[in-house]
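The values are calculated or read from the model by the stated rules, or taken from the named source; none is laboratory data. The structure displayed is predicted, hence computed values, not measured ones. All Cβ positions, glycine included, derive from the backbone under ideal geometry; neighbour counts span all protein chains shown. All accessible areas refer to the heavy atoms of the entire protein, side chains included, with ligands and DNA or RNA removed. Shrake-Rupley method; radii C 1.70, N 1.55, O 1.52, S 1.80 Å.
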Amino acid sequence: MSNNSPNHSDTTQFDDAELIDLSVMWGSLKRHWIIILACVILATAVATGLTFTLPAKWEASGTLQIGQLPVSTTTLIEPTAQAAERFKQRQLQDRALTTAGLPLNEDSDDRTRLFRKTLKATAGKNTDFVDVSVAGFSQNEAKTSLNSAVQALINSHSVRLAPMIKNLDDRLKTNALQMAQATAEKARLEASLKNATASAAGAKFEPSVVAINLLAKQEELIRGLTAEQASLVDLHTKTNTFPTMLVDAIFVPEKPYFPKLGLFLAAGLLIGVIVGGALALFLDRNRAKA
């Protein structure tokens, strides 16, 4: 029992000291409430002034659908995560800024600095969509900046898609030419076999067998070309092959997202209370020392 008494005494003294400190602090705050109130009023006034003096910023947002390549299996032009990362690359940003008519050096223009700082993209989970957003000092500027950034990615994807589409078109033309030649050859063989059968002497056995075999091969060739054509046309449809595109119009709210009067007032109130309380405790501490 005697061994536990000192520990119990120390704990009690610590609790008493803590209560005394809190009571002293509360007393200081009560005595200097005018100072605290003045700090709160000053801080909220400054916050209100900043709300009306800081430049307003609008945020434009849009959704991109990543295009698909003309291959048998569904293959995106670029994975959505990789496409989202492209918006962080300076090369794409430079192309977008040039299109928007903005300088490339962010140190010389606030609009360029805001563009590079706020341009961001998020890849949709298990989808082929990418959400993109950017800020501007006006609704029109934000919309123009986002449209330029989106177009920069679309152009980049089009460069990769274009030769594959051309190759697909060339294959379709070749298929159509081969189909026309095979159809013409089939018609010639059919006419030749018909004429030979209808002749007075009648068709000889061996030539007839050869003609029938050739005709069968032409029909098999035509069936193969028809299947190939159907496959190529299917790849060429918009459901299987299409470029990267905006799935909806770019959206820009009517009101700016920055500055917000409510947030600034709340921050001013909090800062005023903290500064006023610290000043009150500081004054009482100096008075105690004196």
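Key figures for this structure:
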{"read-out": "Some residue of the stretch 136-149 being hydroxyl-bearing (Ser, Thr, Tyr), surrounded by 20 or more Cβ atoms within 10 Å (Cβ to Cβ) and touching a Gly at 6+ places or on another chain (Cβ under 7 Å)", "value": "yes"}
{"read-out": "Residue match in the stretch 94-106 (condition: of a type outside the set (Ser, Thr, Tyr) and open to solvent by less than 10 Å² (accessible area, probe 1.4 Å))", "value": "yes"}
{"read-out": "Any hit, the stretch 113-121, residues being under 19 Å from the mean Cα position of the chain (by Cα), in contact (Cβ under 8 Å) with a residue 60 or more places away in the chain and open to solvent by 70 Å² or more (accessible area, probe 1.4 Å)", "value": "no"}
{"read-out": "The stretch 41-66, residues that are aliphatic (A, V, I, L, M), open to solvent by 40 Å² or more (accessible area, probe 1.4 Å) and either touching a Gly at 6+ places or on another chain (Cβ under 6 Å) or farther than 22 Å from residue 143 by Cβ (or both)", "value": "41, 42, 45, 46, 50"}
{"read-out": "Residues located in the stretch 31-73, provided they are small (Gly, Ala, Ser), part of a helix (DSSP H, G or I) and within 16 Å of residue 262 (Cα to Cα)", "value": "43, 45, 47, 49"}
{"read-out": "Residue satisfying condition, being of a type outside the set (Gly, Ala, Ser) and within 15 Å of the chain's Cα centre (by Cα), within set 159, 132", "value": "132"}
{"read-out": "Among the residues listed as 72, 61, 138, the single one being touching a residue at least 12 places away in the same chain (Cβ under 8 Å), on the phi < 0 side of the Ramachandran plot and within 19 Å of the chain's Cα centre (by Cα)", "value": "61"}
{"read-out": "Number of the condition not met by residue 200 [criteria: (1) at pLDDT below 85; (2) assigned to a helix (DSSP H, G or I); (3) open to solvent by 60 Å² or more (accessible area, probe 1.4 Å); (4) not basic (Lys, Arg)]", "value": "(2)"}
{"read-out": "Test set (1) open to solvent by less than 70 Å² (accessible area, probe 1.4 Å); (2) part of a helix (DSSP H, G or I); (3) within 22 Å of residue 76 (Cα to Cα) - residue 127 fails condition number", "value": "(2)"}
{"read-out": "Conditions (1) among the acidic types (Asp, Glu); (2) within 30 Å of residue 75 (Cα to Cα); (3) over 31 Å from the mean Cα position of the chain (by Cα); number of the one not met by residue 284", "value": "(2)"}
{"read-out": "Matching entry among 266, 180, 184 (being at pLDDT 90 or above, closer than 30 Å to residue 139 by Cβ, loosely packed, with under 14 Cβ neighbours inside 10 Å and not acidic (Asp, Glu))", "value": "266"}
